[in-house]
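**Q** Once you've had a glance at the structure underneath, I'll fire off some questions.
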Amino acid sequence: MKKSSQTYTITTLQKKFTAKAILITIMNSLIEKILYHVEKPGRYVGGEHNQIEKDWGSTPLRWCLIFPDIYDIGQTNLGLAMLYQILNAEPDILAERSFAPWIDMEAQLREHDLPLFSLESKKALKEFDILGFTLPYESIYTNVLNILELSGIEAYVSHRTENDPLILGGGQACFNAEPMADFFDAFVIGEGEEVSLEISHLYKAWKANNGSRQELLFQLAKFPGVYVPSLYEVDYLQDGTIEAIRPLRADIPAKITKRIVPVLPPHPEKFLVPNVEIVHDRMSIEIMRGCTRGCRFCHAGMVNRPVRQRSVDQLIPTIKNALKSTGYEEVGLLSLSSSDHTQILELTQQVHENFHDKKLAFGLPSLRIESFSVDLMNELQELKPGGGFTLAPEAATERMRAVINKPLDEEDFYFTVKKIFEHGWRSLKLYYMIGLPTETMEDVEAILEAGIKVKRIGKSILGNSAKVHLGIGTLIPKPHTPFQWLPVESPETIQAKIDYLKAGTRKAGIKMSYNIPDSSLLETWLSRGDRRLGPVIYRAWKNGAKFDAWGERENLPIWREAFESTGVDPDFYAYRERGLDEILPWDHIDIGVKKNFLKQDLQWSLRGRTRPDCRNTCYACGILDAFGETRPDNNISYWGCP
Amino acid sequence: MNDTPIRIRVKYSKSGNLRFLGHIDTQNLFERALRRTELPIRHTQGFNKRIRINLASALPLGFISEAEILDIWLDQPIDTEIIGKKLNEALPDDIKVLEVQMVDNALPSLQASLVSSDYLISIPADPGLETFKNRFQALLTGEKIEIIKRKKTIDLKPMILDYSFQSESPDGDQSFIRLSSSPNANARPDDLLQLLEIDPADCLVKRTKLNFS
Ligand code: SF4
């Protein structure tokens, strides 16, 4: 390259740039070598912009945050980003990351007898003090066992040694993590922002005192929001239902109440920017937590109460700073129900004002079905056109919508649909659910009719370019929801409903996506199960089940064999209606919402009685009893409860 | 906005963890880094506006380099010193901008004018420099050096433009090779290493120079 006066050169850097200097900056040579032989080595090496690397030797407490799926799926997880920032902000704590290695990498690690390592310092997981697993859904349970084995750590808590790291779990699946009770030293129930630091302090004090592992578990069990499953015992009745769930010591609480943060903490801004192509590679900003709508099928809506939101005054600078520090071109504004943010219009307007010249795409999912939503989307759409519109009516008859507590005025719905097409969106995706309680064929037929009518509206406005897409989900009655006592519908009935919809949509030129009944079975068992599933999970993993989220169908025979050989009946968890007085496997996990409230809500549901948004009328679900005292005055943080 | 874009040529190094980053990922990394610099970057025209960026040549996965070149375009002239500084602030540590210069807009594209690449290969103790030399020279005595790539037979022999050996350099035993890198005659050192029965994963290969016409 010819030099000119207009040339910028770094000579010192060039001098330092020798092969040896580079080798030292990388991990040990064996790891380096195997990276040549895997498909996407960038998944395992870290080094992203905004990565935090602290000095291993001089930092006393070392966490490794693990998302037990591949990097491509886990890296953008917002919970992981929050913990990474919060823990690393402490001078005496370091937090690194690790993910499930993909099959090719696992084979390399096993072949060369290498342990799984962290992305930042390439240290074996076993060298950390605390391994914090994120458990957002159940289909990654087998990956947890695999990661433990790849790290040389025993799967069963009872087999671990004094020197093993503390194995912690947290995330949405932990509201019933009983099936994983055998494998975790402790679970964090609820929001982890505060409790992760408190656990760190407790751990440091314990370490300084040279305490035993058992002592640590006792201390943790007494700690608010921490559940140590090995210190609880479950007794069963003859019929297999639960007789009692008891703590093993008197000084340990019988119920573990989830943790919440009364005020949402400052949002992370220095997101790590992945170097390799990953799924959903965009920046997520959480605008609101919790939901007051009370849809009866919705696990997230029940376990994440109360509603708390970030104000526009907080959000705009956060988005600005985060964009500046990442260079992302796409931003998702996340919440369970965006339209319910009290400043949502102002937020979209300000986003427009501040970022209209930046060539960025903004996403605002989870909008209510009302014409106002189209205005909101329109505001964002102008920034970067493209993409489709998504609505989730969930049920197509008024009766069915009353049962699930998601009322919707038909007229409003079709008016909104019309407006969407009129504004030029060419594709509209509609989400519906089947397998709902009291559902008849009539309710299913109504889904098809709605799809056809929407298609007709689209065609009248945009002609043949209007596309309609039906997304059909199957209800899995989840723990801590009013439907928790109900069985899932039989695979035959579900299949018949899917076949009907498939035939109808094909004829009408409507695209349809759905899950075959088999593919939701694993989620059914694991989400509704109890700790007797531990050996089943262990066996399935031993026989090769992993990445169940990727190949649920392929792994199903392995799971069936695992149930059979361990003598556990899977149908007990799927197809049995549970008694209202039965002790449920997750009854000792207190989400703040009372069991009696859920019971009443189920009864209302079956009578077709709705329970409108509780921001207007409080139904005393229990949240204010549990957390009302921590509530700050409204100027600091908005809570949805009146 | 200035209507004639300003063409900026950037020379950078790539090392450490980021040598495991593929071509497309490297390009994406630069796009985001450029956005972080908040420089007046020129975007492509049309519906899906992207940053206009042009990398001279793909660096094979696992190789390091002190001589990668790319072009970007700005809407207005900016001091090259500032561009280099801002870019280095925005880039991960394993990529360093070494030189920035303004070049003529009318120059042909980097790919079109690229002729060859220089590499330094560190020779592993097994098989060692002598064996390496012998195998290499044996290879060259043949009339052709054929490999099969994407079902096509390619003769590497005319693409080996120069080579030499260095023993006892500060970085151990090394071999220098110059390989053709033009659009229709592109040779990769790892292909050559494989012919020498050496696992490229055992060597450190560094690209030291890109030669243009
Ligand atoms: S306490 Fe009342 S207002 Fe708050 S979430 Fe529960 S029912 Fe809704």
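The values are calculated or read from the model by the stated rules, or taken from the named source; none is laboratory data. In this text, all values refer to a predicted model and were calculated from it rather than measured experimentally. All Cβ positions, even for glycine, are placed from backbone atoms using ideal geometry, and neighbour counts span all protein chains on display.
**Q** Within the stretch B:37-56, does at least one residue satisfy the condition of being in the same structural domain as B:Asn88 (by TED's automatic domain parsing), more than 23 Å from B:Ser122 (Cα to Cα), more than 20 Å from the chain's Cα centre (by Cα) and part of a helix (DSSP H, G or I)?
**A** Yes, because at least one residue in the stretch B:37-56 is in the same structural domain as B:Asn88 (by TED's automatic domain parsing), more than 23 Å from B:Ser122 (Cα to Cα), more than 20 Å from the chain's Cα centre (by Cα) and part of a helix (DSSP H, G or I).
**Q** Would you mind telling me which numbered condition in (1) within 9 Å of another protein chain (Cβ to nearest Cβ); (2) at pLDDT 90 or above B:Asn17 fails?
**A** In the conditions (1) within 9 Å of another protein chain (Cβ to nearest Cβ); (2) at pLDDT 90 or above, B:Asn17 misses (2) alone.
**Q** For the structure I just gave you, tell me whether A:Arg305 is under 17 Å from the mean Cα position of the chain (by Cα), in contact (Cβ under 8 Å) with a residue 24 or more places away in the chain and within 16 Å of the ligand (Cβ to nearest atom).
**A** Yes; evaluated as a whole, the condition is true for this residue.
**Q** Of all residues in the stretch A:598-625, which are hydrophobic (A, V, I, L, M, F, W, C) and more than 8 Å from the ligand (Cβ to nearest atom)?
**A** If the condition is that a residue be hydrophobic (A, V, I, L, M, F, W, C) and more than 8 Å from the ligand (Cβ to nearest atom), then A:Leu598, A:Leu602, A:Trp604, A:Leu606 are the ones that fit.
Per-residue answers, yes or no, for (1) modelled with pLDDT under 90; (2) closer than 29 Å to B:Asp199 by Cα:
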| residue | (1), (2) |
| --- | --- |
| B:Asp3 | yes, no |
| B:Arg7 | no, no |
| B:Tyr12 | no, yes |
| B:Ala33 | no, no |
| B:His43 | yes, no |
| B:Phe47 | yes, no |
| B:Arg50 | yes, no |
| B:Ala58 | no, yes |
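**Q** Could you list, in sequence order, all residues of the stretch A:626-642 that are within 15 Å of the ligand (Cβ to nearest atom), free of Cβ contacts under 8 Å to residues at least 12 places away in the same chain and polar (S, T, N, Q)?
**A** Of everything in the stretch A:626-642, just one residue is within 15 Å of the ligand (Cβ to nearest atom), free of Cβ contacts under 8 Å to residues at least 12 places away in the same chain and polar (S, T, N, Q), namely A:Asn634.
**Q** Here is a follow-up. Within the stretch B:139-149, can one find any residue that is outside any strand (DSSP E or B) and either buried (at least 17 other Cβ atoms within 10 Å of the Cβ) or not assigned by TED's automatic domain parsing to the domain that holds B:Ile198 (or both)?
**A** Checked the stretch B:139-149: at least one residue is outside any strand (DSSP E or B) and either buried (at least 17 other Cβ atoms within 10 Å of the Cβ) or not assigned by TED's automatic domain parsing to the domain that holds B:Ile198 (or both).
**Q** Would you be able to say whether some residue in the stretch B:101-112 is in a helix (DSSP H, G or I), surrounded by 21 or more Cβ atoms within 10 Å (Cβ to Cβ) and within 11 Å of chain A (Cβ to nearest Cβ)?
**A** Looking through the stretch B:101-112, none of the residues is in a helix (DSSP H, G or I), surrounded by 21 or more Cβ atoms within 10 Å (Cβ to Cβ) and within 11 Å of chain A (Cβ to nearest Cβ).
**Q** Suppose we keep only residues that are out of contact with any strand residue (DSSP E or B) (no Cβ under 7 Å at 6 or more places or on another chain) and closer than 24 Å to A:Gly42 by Cα within the stretch A:239-271. Which one would you say is surrounded by the fewest Cβ atoms within 10 Å (Cβ to Cβ)?
**A** Of everything passing the filter in the stretch A:239-271, A:Lys270 is surrounded by the fewest Cβ atoms within 10 Å (Cβ to Cβ).
**Q** Which residue is farthest from the ligand (Cβ to nearest atom), if the candidates are limited to the stretch A:320-339 and must be away from chain B (no Cβ under 14 Å) and in contact with a strand residue (DSSP E or B) (Cβ under 9 Å, 6 or more places away or on another chain)?
**A** Within the stretch A:320-339, the match that is farthest from the ligand (Cβ to nearest atom) is A:Gly332.
**Q** Return the total of residues in the stretch B:27-61 being at the interface with chain A (Cβ under 10 Å from one of its Cβ atoms), in contact with a Leu (Cβ under 7 Å, 6 or more places away or on another chain) and not hydrophobic (A, V, I, L, M, F, W, C).
**A** 1
**Q** A follow-up question, please. Please identify the pairs in which a residue from the stretch A:594-620 that is closer than 10 Å to A:Pro482 by Cα and touching a residue at least 12 places away in the same chain (Cβ under 8 Å) has its Cβ atom under 9 Å from the Cβ atom of a residue that is part of a loop (DSSP other than H, G, I, E, B) and within 8 Å of the ligand (Cβ to nearest atom), counting only partners at least 6 apart or on another chain.
**A** A:Phe597/A:Tyr619; A:Phe597/A:Ala620; A:Phe597/A:Cys621; A:Phe597/A:Gly622; A:Leu598/A:Cys621; A:Asp601/A:Gly294; A:Asp601/A:Tyr619; A:Asp601/A:Cys621
**Q** Return the total of residues in the stretch A:340-358 being more than 12 Å from chain B (Cβ to nearest Cβ) and more than 19 Å from A:Leu391 (Cα to Cα).
**A** Summing the residues that are more than 12 Å from chain B (Cβ to nearest Cβ) and more than 19 Å from A:Leu391 (Cα to Cα) in the stretch A:340-358 gives 12.
**Q** Check whether at least one residue in the stretch A:242-252 is under 30 Å from A:Leu475 (Cα atoms), touching a residue at least 12 places away in the same chain (Cβ under 8 Å) and either assigned by TED's automatic domain parsing to the domain that holds A:Thr326 or assigned to a loop (DSSP other than H, G, I, E, B) (or both), and report yes or no.
**A** Scanning the stretch A:242-252 turns up no residue that is under 30 Å from A:Leu475 (Cα atoms), touching a residue at least 12 places away in the same chain (Cβ under 8 Å) and either assigned by TED's automatic domain parsing to the domain that holds A:Thr326 or assigned to a loop (DSSP other than H, G, I, E, B) (or both).
**Q** State all residues of the stretch A:253-289 that are within 26 Å of A:Arg310 (Cβ to Cβ), within 14 Å of chain B (Cβ to nearest Cβ) and assigned to a loop (DSSP other than H, G, I, E, B); if no residue qualifies, say none.
**A** Residues satisfying the conditions are A:Glu269, A:Lys270, A:Phe271, A:Leu272, A:Pro274, A:Ile278, A:Asp281, A:Arg282.
**Q** With the condition being within 30 Å of A:Val261 (Cβ to Cβ), I'd like the helices (runs of 4 or more DSSP H) fully within the stretch A:35-120 carrying at least 2 qualifying residues.
**A** The qualifying helices (runs of 4 or more DSSP H) are A:71-74, A:78-88.
**Q** Let me ask something else. Would you mind stating whether A:Lys419 is farther than 30 Å from A:Ala181 by Cα and either without any contact (Cβ under 8 Å) to a residue 12 or more places away in the chain or assigned by TED's automatic domain parsing to the domain that holds A:Ala181 (or both)?
**A** The answer is no for A:Lys419.
**Q** Would you confirm, using the coordinates I've provided, whether A:Asp581 is at pLDDT 95 or above and more than 16 Å from the ligand (Cβ to nearest atom)?
**A** Yes; evaluated as a whole, the condition is true for this residue.
**Q** Can you confirm whether B:Asn184 is surrounded by fewer than 19 Cβ atoms within 10 Å (Cβ to Cβ), more than 28 Å from A:Leu35 (Cβ to Cβ), modelled with pLDDT of 90 or more and not assigned by TED's automatic domain parsing to the domain that holds B:Ser15?
**A** Spelling it out, it is not the case that B:Asn184 is surrounded by fewer than 19 Cβ atoms within 10 Å (Cβ to Cβ), more than 28 Å from A:Leu35 (Cβ to Cβ), modelled with pLDDT of 90 or more and not assigned by TED's automatic domain parsing to the domain that holds B:Ser15.
**Q** Next question, about the same structure. Please work out if A:Lys594 is modelled with pLDDT of 95 or more, more than 9 Å from the ligand (Cβ to nearest atom), surrounded by 12 or more Cβ atoms within 10 Å (Cβ to Cβ) and closer than 29 Å to A:Thr342 by Cα.
**A** Yes, satisfied.
**Q** Do you know which residues across the stretch B:80-100 are more than 9 Å from every other protein chain (Cβ to nearest Cβ) and surrounded by fewer than 18 Cβ atoms within 10 Å (Cβ to Cβ)?
**A** Once the filter is applied, which keeps residues that are more than 9 Å from every other protein chain (Cβ to nearest Cβ) and surrounded by fewer than 18 Cβ atoms within 10 Å (Cβ to Cβ), the stretch B:80-100 yields only B:Glu89.
**Q** Just checking, does the stretch A:454-475 include any residue being assigned to a loop (DSSP other than H, G, I, E, B), touching a residue at least 40 places away in the same chain (Cβ under 8 Å) and within 30 Å of the chain's Cα centre (by Cα)?
**A** yes
**Q** Same structure again: Since B:Ala187 meets every condition but one in (1) within 13 Å of chain A (Cβ to nearest Cβ); (2) closer than 21 Å to B:Ser57 by Cβ, which condition does it not meet?
**A** Answer for B:Ala187: the failing condition is (1).
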